[in-house]
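In what follows, a structure is listed as structure tokens, so that the remarks can point back to it.
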Amino acid sequence: TVSQAEVDNDPKPIEADESFDDFIYSYASDDALQQQRTKFPLSFYDVDKPSKIEKGEWEHDYLFTQQSYYTLLFDNEDDLELVGDTALTSVQVEWIFLENRMVKKYYFERTKGVWMLEAINLRPVEKGDTEDFVEFFGRFATDSLFQCRRVRQPLMFVTTDPDDDFSVLETTLDLNQWFAFKPTLPADRLSNINYGQKNTDNSSTKVLALKGIGNGLSNILYFKRKENSGEWELYKFEDVSI
């Protein structure tokens, strides 16, 4: 049996719990809420080495909220529809470190309407037989000559119609126009919220969304493997920022 005192101390659902996106911003911004919604002692796995983090050892984690934007990674365009699903009960927030190819994953579970951080896992990015997307993107973001070779010509471009905010224009960009319009690309790490989408090494397509935090930024980069070589290339760019 559970004592009444323990029941009374259980976290209660709040409005932000209805949407994981609302919750994670509150969790990262609010120190008191973060303490309340982290299951201590917190299980931490450093590759294969398990440990526990006690409440007194925990340092506030702002996740991606101190940046001007965050990124989301998908295998295909259809999975973009998973964003904002209010029926989710399990979500992982990830940092993908481009230089050392490690992933830090935060496991959140929703029980009785309440989101809680249950565990953190640090592990290497799995490497497949073909060109690794994380390794590719780390170079794509920092090496302009490499980037030139990996942007399809012409590049498909989707943007908001300047004469009608409710419609979009579909056109193309040449290489010079891409460098004029392209967003600042994250060079050291990618964030990701895994709503249930697949992120597999052998996927032939990848979609990277850049979402602004309070600034209206909305860019999506669409990548595909070249059929003859298996190398990644950018084939479509979408900018519907407001």
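At-a-glance table
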{"item": "Environment charge of L221, counting only residues whose C-beta is closer than 13 Å and scoring Lys/Arg +1, Asp/Glu -1", "result": "+3"}
{"item": "Sulfur and carbon atoms: percent of accessible area, the chain [1.4 Å]", "result": "48"}
{"item": "For the range 129-200 versus the range 65-92, the gap between their alpha-carbon centres in whole angstrom", "result": "17"}
{"item": "Rounded to the nearest 20 debye, dipole of the chain from Cβ charges on Lys, Arg, Asp, Glu", "result": "780"}
{"item": "Measure of compaction for the chain (Cα Rg per 2.2 N^0.38 Å)", "result": "1.13"}
{"item": "FRET efficiency for D46 and D10, using Cβ-Cβ distance with R0 set to 41 Å, rounded to 0.05", "result": "0.85"}
{"item": "Principal-axis tilt of helix 20-29 within the chain, Cα atoms, nearest 10 degrees", "result": "70"}
{"item": "Fraction of the pair-distance distribution of the range 10-90 above 22 Å, Cα-Cα pairs, percent", "result": "41"}
{"item": "In nm, spacing of pseudo-spin labels at E109 and F179 (7 Å Cα→C-beta vector)", "result": "5.1"}
{"item": "Heavy-atom surface of the range 47-96, accessible at 1.4 Å and reported per residue (Å²)", "result": "58"}
{"item": "Helix 133-142 vs. the chain, principal-axis angle (Cα, 0 to 90°, nearest 10)", "result": "70"}
{"item": "Selection from L73, I53, A87 lying farthest towards where the dipole of the range 50-176 points positive, charges on Cβ", "result": "I53"}
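The values are calculated or read from the model by the stated rules, or taken from the named source; none is laboratory data. Quantities reported herein were computed from a predicted structural model and do not represent experimental measurements. Positions of Cβ are generated from backbone atoms using ideal geometry, with glycine treated the same way; all protein chains shown enter the neighbour counts. To get the accessible areas, we keep the full protein, side chains included, count just its heavy atoms, and leave off ligands, DNA and RNA. Shrake-Rupley method; radii C 1.70, N 1.55, O 1.52, S 1.80 Å.
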